[in-house]
Amino acid sequence: MRNLMAQKPLHMSGDKDDDNDVGVALQTRTRTKRPPLYKVLLLNDDYTPMEFVVHILERFFGLSHAQAFEIMLTVHKKGVAVVGVFSHEIAETKVTQVMDFARRHQHPLQCTMEKE
Ligand code: TYC
């Protein structure tokens, strides 16, 4: 026979919550992710004048003349260079500004972005 001390009183014999557990809301840790960054790339071509590229780097990327000239030369020699790293929205704006400006001046200069 069952232990008499373990028996429930009649009024608790159903499926009621008759234990003494305290309700605890389990909380999962919130991981705050840094937003992804995007590299803005400038591509070489055979036709865009060097001074035009330097001007673009000064105007849209806030580079000094010396920094702009250096990056332009890197693109000229290596084919491509990263000109800056930005949030998605800022990178997109830079690419649009460069592409619009080059197009308006009828130069084939190409500027793209890629996730870092
Ligand atoms: N290769 C070009 C020239 O010889 C110069 C140039 C540099 C063009 C960088 C594009 O992104 C560029 N005139």
Check: Restricting the search to segment 85-113, which residues are closer than 19 Å to Met50 by Cβ and not in a helix (DSSP H, G or I)?
Finding: His105, Gln106, His107, Pro108, Leu109, Gln110, Cys111
Next item on the list: Quick one: Leu73 ticks every box in (1) more than 8 Å from the ligand (Cβ to nearest atom); (2) farther than 25 Å from Lys115 by Cβ; (3) open to solvent by 50 Å² or more (accessible area, probe 1.4 Å) except a single one, so which number is it?
Entry: (1)
Notebook entry, point to check: Can you tell me how many residues in segment 79-93 are exposed (fewer than 14 other Cβ atoms within 10 Å of the Cβ) and over 9 Å from Leu43 (Cα atoms)?
Noted result: 4
Next item on the list: Kindly indicate the residue of segment 24-48 that is surrounded by 14 or more Cβ atoms within 10 Å (Cβ to Cβ) and within 16 Å of the ligand (Cβ to nearest atom) and also nearest to the chain's Cα centre (by Cα) among those meeting that condition.
Entry: Lys39
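The values are calculated or read from the model by the stated rules, or taken from the named source; none is laboratory data. As the structure is a computational prediction, the values presented were derived from the model and not from experiment. Virtual Cβ from ideal backbone geometry, glycine too; neighbours counted across all protein chains shown. Side chains are part of the model used for accessible areas, which takes the heavy atoms of the whole protein and leaves out ligands, DNA and RNA. Shrake-Rupley method; radii C 1.70, N 1.55, O 1.52, S 1.80 Å.
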